[in-house]
Amino acid sequence: GVDVSGLRAPAGDGSTRKLGLGSSAAIVVATLAARGDFDVSTSAGRRAVFDAALRSHKHVQPDGSGVAIAASSFGGVLVCRVRGADPSFDPIALAAPVAVFAARTPASTKEMVSRVRAFAAASPGEHRRIIGAAGDAAERAARSTSEAELLAALRDQDAALRELGAKAAVPIFTPEFDALADAARGEGAFFGPSGAGGGDIGIRVGSAPLGPAFAT
């Protein structure tokens, strides 16, 4: 058995909810590492854990990108490129600090992804254009050497994701996230959703001190 209580938060009705931290990926990686079949003290051993975990995860959740598996296997800040059957994961140093926040609203990544795929099937040209803009902004963010460049790239990606949410009828940005995004911008920082959006986890990027909106 695997104790996942640390990956869930208490809810007001006495139940618990997921934190949106890629818990299923983390559990698969941790279980494989705990078996002792891989030398996780080496980069080759961690890559072997990643490969085995990705195969297992894809068997159960074939729509997953593998990014959460990579984060659990390698740690740190990674640029993840998924092209075909051989994804690459390169460590980088971000040009600004990141703070992570758990939202009050849980989200279903599977449902969000299915809606976006339905939009892609119905409007392939529009989908390619929006995803292309988001991808270009992500590449610029990864290459940024200054905080100003990083924040500008993240805001361009944010704009593309907002258009995607509107066109696909997917609530990538919740009212709570919109309020925090406005607060962060006023502080000279950036705030946006992590993963598929719709709640779960948000990130604030920037060296400016946290304002009162981020105190709770």
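The values are calculated or read from the model by the stated rules, or taken from the named source; none is laboratory data. None of the values given here were measured: they were computed from a predicted structure. Note that each Cβ is placed from the backbone with ideal geometry, even for glycine, and that neighbours are counted across all protein chains shown. Ligands, DNA and RNA are excluded from the accessible area calculation, which covers all protein heavy atoms including side chains. Shrake-Rupley method; radii C 1.70, N 1.55, O 1.52, S 1.80 Å.
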Meets criteria (of a type outside the set (S, T, N, Q), more than 23 Å from residue 62 (Cα to Cα) and in a helix (DSSP H, G or I)) for residue 164:
no
So which of 215, 169, 208, 148 is closer than 24 Å to residue 64 by Cβ and small (Gly, Ala, Ser)?
169
Taking the residues in the stretch 72-109 that are over 16 Å from residue 154 (Cβ atoms), assigned to a loop (DSSP other than H, G, I, E, B) and open to solvent by less than 50 Å² (accessible area, probe 1.4 Å) as candidates, determine which candidate is modelled with the highest pLDDT.
75
Checking the condition in contact with an Asp or Glu (Cβ under 8 Å, 6 or more places away or on another chain), open to solvent by less than 60 Å² (accessible area, probe 1.4 Å) and under 18 Å from residue 203 (Cα atoms), which residue from 152, 133, 137, 160 passes?
137
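Please tell me if residue 29 is part of a helix (DSSP H, G or I) and either surrounded by fewer than 17 Cβ atoms within 10 Å (Cβ to Cβ) or in contact (Cβ under 8 Å) with a residue 12 or more places away in the chain (or both). Don't jump to the end; show me each part of the working.
Working: part of a helix (DSSP H, G or I): yes; either surrounded by fewer than 17 Cβ atoms within 10 Å (Cβ to Cβ) or in contact (Cβ under 8 Å) with a residue 12 or more places away in the chain (or both): yes.
It is true that residue 29 is part of a helix (DSSP H, G or I) and either surrounded by fewer than 17 Cβ atoms within 10 Å (Cβ to Cβ) or in contact (Cβ under 8 Å) with a residue 12 or more places away in the chain (or both).
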Does residue 11 count as touching a strand residue (DSSP E or B) at 6+ places or on another chain (Cβ under 9 Å) and without any contact (Cβ under 8 Å) to a residue 60 or more places away in the chain?
yes
Take residue 125 and tell me if it is surrounded by fewer than 13 Cβ atoms within 10 Å (Cβ to Cβ) and either modelled with pLDDT of 95 or more or among the β-branched types (Val, Ile, Thr) (or both).
yes
Restricted to the stretch 169-216, and to residues that are open to solvent by 30 Å² or more (accessible area, probe 1.4 Å) and of a type in the set (S, T, N, Q), which residue is nearest to residue 127 (Cα to Cα)?
194
